[in-house]
Amino acid sequence: MNATKAIFLKELRIEFRNKQTIIFALILSLMILASFRFAFSFIDFSLTELASPIIWVTFFFSGMFSLAPVYKKEVEQGTRDGLLLAPISPASIFLGKFLANFLVILGLELFSLSLFFVFFPVPTPDMVALLTIIILGTIGFAALGNLISAISSNLSQSEIMLPVLLVPILLFTIVMTSVSSTSEIFLGANLNEIFESIKLILVFDIVFLASGYLLIDYVLED
Amino acid sequence: MALKNKIEIMILGIAALLTFIGIYLAFLYAPTHVAMGDVQRIFYFHVASAWVSYLAFGITLIGSLLYLKTKTMKWDMLAHASAEIGVVFCTVAIITGALWAKDVWGTFWRWEDMKLFMTLVLWLIFVAYLALRANSLPGKKRANISAVFGIIGFLCVPLSFAANRIWSHFHPTVIATSEGSLQDSMVLTLVVAVFAFTFVYLFLLKLKINLENMRENIEEIKQQIGDMNG
Amino acid sequence: MTHEILSARSITKSFGHDRVLRELDLTINKGDIYVLFGSNGAGKTTLMKVLSTLHPADSGEIMLFGMKSEENVRDIRAKIGFMSHETFLYDDLSAWENLNFYADLYSVHNKKKRIKEILKMVGLYHRSHDKVRSFSRGMAQRLSLARAVLHDPELIFLDEPYSGLDLRAQEVLNNLVIELNKKGKTFFIITHDIEKGFDISNRNGILSNGTIVIDKELDKANFSEKYNEILRREADERN
């Protein structure tokens, strides 16, 4: 537990000291949202119905951007062996990194969400339900993303391989469910009405966290 | 070695024989479908290749699990060989399915159809699996990470099944289906086609594994020659 | 009485089809400064990583502190220090933060006092709060040594510790090694450079073609001659 905390704090400290990744991810979110705004000012669509896909596409791409360096940076900086040589379990490396990454991605998402409400005039949805879905979806996203990021850090062309490996698994599970329930929220649903989706996303979170926790050992070892 | 070859030749023989019978049955013996017409004949090959792709991906899962348990490279080889063949059959299944659907449903693809959707998910995951292998160097590390990815990929199947139910609930069904029941002769044709494709799969799998073994042997010999010179 | 800290029996390790270590045997006793020489490509770094539990060996048995290396990995790792040509340091963190992070991973007691003490030992206390990014190669190397001995390990691995160091820094490093050795620490050092490593060694050997060809030779002139001969032979083989 001590090791998890140490890795968690180290990740956040580095992330906020070397602000590059975060700043670029913020700019990327801004650009994606602006592009959508621009496109939909020409075409006449119901913004309320499109809100959910717009939000999740933005989350997905900026999130993926911040996932790529999580393990790759340890390899590039030559600190990977230092971590592996420490008397800690690989699972605590995974958990520490997952927690830090989850917070960073969630922060990015809240930024994008506020930008979204500035750019797009939509009726305010049930915020409790919306934030619940976003938080739960992000847990699964960060958990699976961390494991896949560890896998892709071993590959040549790791930057392109991360989305190639992540999308087929994430798209049809977390993203699909989050998009459909967020759509319902924008159409006026409250927390109770999307309870089925919430349960399902919780199952995804548990499965992805557990598989990361159990399998990271095989990914990190040589 | 001789016995091994005999088994191989037997598998090849059965595969060839069944394939010819299957083609005969599908095109000449089986009656034309009342509602769908001749295009329904694609169904025999479509179902057979879809079945083989599920079988192949299942074998990949088993190979991956056994590899992580035993750390023996032969299981990794089996998982890889099976995934490669599975992707080929899965591609065939998707293309034949789309052609059939275009004629019968009037569209190439229906998102709310669970079988179509799951097949696409599997196809994408195992294409990613092959991309992962293509992008890493041979060895224990590659075997480890591809086994892990193979297992998560397979876990994702029941998960996306559940996700799709919620999703399709949100998306209305556009076109109603009308399939009509199968006659006995059609069932027979289908069974033969499935067996034929399964034997083709087994033969290809054996071939691929032999090929990999030969590659291993060549590397080994190269190393020995290097040692002798050194 | 000699006390075995590390014993390796017929270790082999291959990468793909490249046999890097072949049937290698090695024993290190408590209090040794064992320096192993070898050319680039002799398998030095691989040997380090296998002995330090980072890579598993393909076959053979490694015992560290009387424990089998596959079975008690975490107990063993807690007693090992490792310094490689990679510093294992985070550029964006300060010297103090780096040591603080590793101290947490190793559950070091009395963390603050220990970090302060170790920073003073390597002469970097005045730069505690500067980012490692601003350090010279020699300073980073010294901090890397501090990181490696932070948790007071019994056995310390140094992989090419002299590369990239100026003469003064090499001297500082050698003095540190001798000082720690007097406190009972055991060292296993791998380098290609006879001039730098030989003088501090009290045991030494030569690694060639994945196995140790000469063990224990204390006459420097004699040793250099043998080493140069092996290097020449290896160069011939390559051509």
Using the per-residue mean of other Cβ atoms lying within 10 Å as a proxy for protection, in what order, highest first, do the peptides A:31-38, B:209-216 fall?
A:31-38, B:209-216
Tell me, Kirkwood radius of chain C from alpha-carbon pair distances, in Å?
18.5
Using Cα springs under 10 Å in a Gaussian network model of chain C, which residue among C:Gly138, C:Gly184, C:Gly81 shows the largest mean-square fluctuation?
C:Gly184
Anisotropy class of chain B from Cα gyration tensor, a/c 1.5 cut
oblate
From other protein chains only, count the Cβ atoms within 10 Å of every residue's Cβ in A:4-16, then give the mean.
3
May I ask for the angle, rounded to the nearest 10°, between helix A:127-152 and the longest principal axis of chain A, with both axes built from Cα atoms and the value confined to 0 to 90°?
40
Degrees, to the nearest 10: B:73-104 long Cα axis against longest axis of chain B
20
By counting other Cβ atoms within 10 Å of each Cβ, how are C:His126, C:His85 ranked from fewest to most?
C:His126, C:His85
Going by alpha carbons, how many degrees (0 to 90, nearest 10) lie between the helix axis of A:195-220 and the longest principal axis of chain A?
20
Global geometry of the protein assembly as shown, whether rounded, prolate or oblate, following the gyration tensor of its Cα atoms and the 1.5 cut on a/c:
oblate
Okay, helix-only estimate at 222 nm for chain A: each DSSP H run of n ≥ 4 adds -39500 (n - 2.57), divide by all residues, round to 500 deg cm²/dmol; what do you get?
-27500 deg cm²/dmol
In the protein assembly as shown, if the dipole is taken from +1 on Lys/Arg beta carbons and -1 on Asp/Glu beta carbons about the Cα centre, which of A:Val179, B:Phe197, B:Gly97 is farthest to the positive end?
A:Val179
Expected sort for B:Trp123, B:Trp111 with the fewest Cβ neighbours (10 Å cutoff) up front is B:Trp111, B:Trp123
Roughly how compact is the stretch A:54-204, stated as its Cα Rg over 2.2 N^0.38 Å to two decimals?
1.13
Quick note on C:Lys13, C:Lys120, A:Lys19, ordering by fewest other C-beta atoms within 10 Å, gives A:Lys19, C:Lys120, C:Lys13
The correct pair for the stretch A:137-222, radius of gyration to one decimal and Dmax as a whole number, both in Å and from Cα atoms, is 15.0, 51
Across the residues of C:92-102, average count of Cβ atoms on other protein chains within 10 Å?
4
Could you tell me which residue out of B:Asn217, B:Ile9, B:Leu207 lies farthest along the dipole of chain B toward its positive end? Charges go on the beta carbon: Lys and Arg +1, Asp and Glu -1, centred on the Cα centre.
B:Asn217
For a test of the definition: using alpha carbon positions, the gyration tensor, and the 1.5 limit on a/c, classify the stretch C:126-202 as rounded, prolate or oblate.
oblate
Eligible lysines near B:Lys74 by straight Cα distance, threshold 22 Å, same-chain separation 8 or greater:
B:Lys4, B:Lys6, B:Lys140, B:Lys141, B:Lys206, B:Lys208, B:Lys222, C:Lys13
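Read-outs throughout are calculated quantities, based only on the coordinates presented, and are distinct from any laboratory measurement. Model, not experiment: these values are computed from the prediction. Virtual Cβ from ideal backbone geometry, glycine too; neighbours counted across all protein chains shown.
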